[in-house]
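Q: Take a look at the following structure, please.
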Amino acid sequence: MNRALLLQYLIGLVLLVVFAFLNANFPQYTSWIFLLYFIALMSIMFVLMGKQTQTLLKDLDEIKKGETLYKSNMEEVVKLRERDLQNTQPELMGQFKATLVPFFSLLVFIFVFYIPQVRDFFFQAGRMFAPVDTKMASFFEYLFLYGFFYVISLISGLYTRRLQAKTGTLVIATNYVVTSKGVIVDERMPIKFPLKGNIVVDSRRKFVELETVQQVMGSTVKQRIRLYASEPSKLANLLKTYGATTK
């Protein structure tokens, strides 16, 4: 298992124990502690993403220093994308479903926490472990509740990664630049040379597609970067020539 992903799981386990303890000892602040729990989870995600962002910025700077070999025409790219819209919509549907999974998980969290009858189900299960000690019973009540949230987040994460592994992620560039050091997509996404993956050409639909893999939150995700061009074969030859080795 990837170290970053394992760290994410371990931090999640520690957080659910810590916040169950806080809820048991400060029940008057239950809603605020619950909100703080999600802020803590989001903060961890931003920290992990921040490390990845630093690498992206470094790669962007390096690619920009290379000699410019090809620069797309945005108006031309947009027209070609619009012509191909009927084909791209089904391709993007699986990717869209994957983005909805985290929102579904959040709705489950809110439903469970704010509906007393549902929340009491977890509290009753927790009380079975400490029927006499009130404070300890409260700790187990919230441990079960946060544990449920943690399991749901794990399941949604695994399901999302499975969808992404099956369909991959598709990035359709609006504009892009090819230099002797790599490709910059939409001024924010770097793809360094040498290219790691395949180069697919679709002359009929007028695009070149780079099939690569990317590390996202500790997981390896298949990624396709689509570059529309009026002469896709010419662009592909350029990428094969300069992308084969580091310049």
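Q: What is the angle, in °, between the Cα long axis of helix 74-83 and the longest principal axis of the Cα atoms in the chain? Nearest 10 is fine, range 0 to 90.
A: 70
Q: If you count, for each residue, the other Cβ atoms within 10 Å and average over each peptide, how do 182-192, 32-42 line up from highest to lowest?
A: 182-192, 32-42
Q: Give the carbon-plus-sulfur fraction of the accessible surface of the range 32-159 in %, rounded to a whole number; probe 1.4 Å, heavy atoms of protein chains only.
A: 68
Q: Rounded, prolate or oblate, given the Cα gyration tensor of the chain, with a/c below 1.5 counting as rounded?
A: Prolate, since a/c reaches 1.5 and a/b exceeds b/c.
Q: Send over a whole-number figure in Å² for the accessible area per residue of the chain, probe 1.4 Å.
A: Accessible area per residue, the chain: 61 Å².
Q: What number, rounded to the nearest 500 deg cm²/dmol, is the helix-based mean residue ellipticity at 222 nm of the chain, given -39500 (n - 2.57) per DSSP H run of at least four residues and division by all its residues?
A: -22000 deg cm²/dmol
Q: Additional query: To test your reading of the geometry: what angle, between 0 and 90 degrees and rounded to tens, separates the Cα axis of helix 232-243 from the longest principal axis of the chain?
A: The angle comes out near 80 degrees.
Q: Using only Cα atoms, find the angle between the long axis of helix 30-64 and the longest principal axis of the chain, and express it within 0 to 90 degrees, rounded to the nearest 10.
A: 20
The values are calculated or read from the model by the stated rules, or taken from the named source; none is laboratory data. Computed from a predicted structure; not experimentally measured. Cβ coordinates were reconstructed from backbone atoms using ideal geometry, including for glycine residues, and neighbour counts include every protein chain displayed. The accessibility values were calculated without ligands, DNA or RNA, using every heavy atom of the protein model including side chains. Shrake-Rupley method; radii C 1.70, N 1.55, O 1.52, S 1.80 Å.
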